[in-house]
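Okay, so here's the structure we're looking at.
Every read-out reported here was derived from the displayed coordinates using simple, explicitly stated rules and does not represent laboratory data. A quick note: this is a predicted structure, and the numbers were derived from the prediction, not measured.
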Amino acid sequence: MTKKYMRYYNPEFKLEIYYPKKWEPIEGFADSLVSIQSPRTGKKDPFREFAQLMVVDFLDPALDILEEFSQRAVSNLGDEFEGFEIVRPLTDATLSGFPAKTFTYHHINNQLELISTSIWTVQEYRAYIVSTSAMRDELTEYQETFKKMIDSFKILEIGPHPALEPFKNKA
């Protein structure tokens, strides 16, 4: 990455992402591992655009299949957001070199019209998710930055699922 980007590294999940120097990483924001937020563009700027990382552990073997996890994820988001509308349907993608799924959707948050994109991969009973959000009218201004951030995301090591550890030595 260029000198205009900083590295965020999470030692627990051994993953990294690069973000613009002026943006602020906030760990644990809104149930995320980290939310990397843009600076406000003025006193009246009502929304800080962001990229958010989440890691979701699960034990349901059906969810360890990318396709099944993806269908449930899209359905759950539809139940979660006001004004939810799919803008770009679920498609194949790559995240950190792994097969992934992505889709883009419109929703309303605090009376603001937002466009969000989520991309995820499923590895060893764990989903790695990168989501981006921008105000609908400002999306084009942030698309290139979001793409660079998603492309920079790396899972450096896939560790064992913590709940499965006690069973590893019993075989």
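At-a-glance table
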| item | result |
| --- | --- |
| Listed residues LYS147, LYS14, LYS43, most fluctuating in the chain (Gaussian network, C-alpha, under 10 Å) | LYS43 |
| In sequence order, calculated HN-Hα J values of the stretch 33-49 (Karplus, 6.51, -1.76, 1.60; Hz; x Gly/Pro) | 5, 7, 10, 9, 10, 6, x, 5, 8, x, 5, 9, 5, x, 8, 9, 4 |
| Quotient of C-alpha Rg and 2.2 N^0.38 Å, computed over the chain | 1.07 |
| Whole-Å distance, taken between Cα centres, linking the stretch 7-70 and the stretch 100-117 | 14 Å |
| Max mean-square fluctuation residue, GNM over the chain, Cα-Cα springs under 10 Å, options PRO20, PRO89, PRO61 | PRO61 |
| Residues whose placed amide H lies under 5 Å from that of PHE84, excluding near-sequence neighbours | ILE108 |
| Rounded to 10°, Cα long-axis angle of helix 139-152 versus longest principal axis of the chain | 30 degrees |
| Whichever lysines have a C-alpha closer than 24 Å to that of LYS44, once near sequence neighbours (fewer than 8 apart) are set aside | LYS21, LYS22 |
| Listed pairs LYS101/LYS147; LYS101/LYS154; LYS101/LYS148; LYS3/LYS101 exceeding 26 Å between Cα atoms | LYS3/LYS101 |
| Between helix 66-80 and the chain: long-axis angle, C-alpha atoms, 0 to 90°, nearest 10 | 40 degrees |
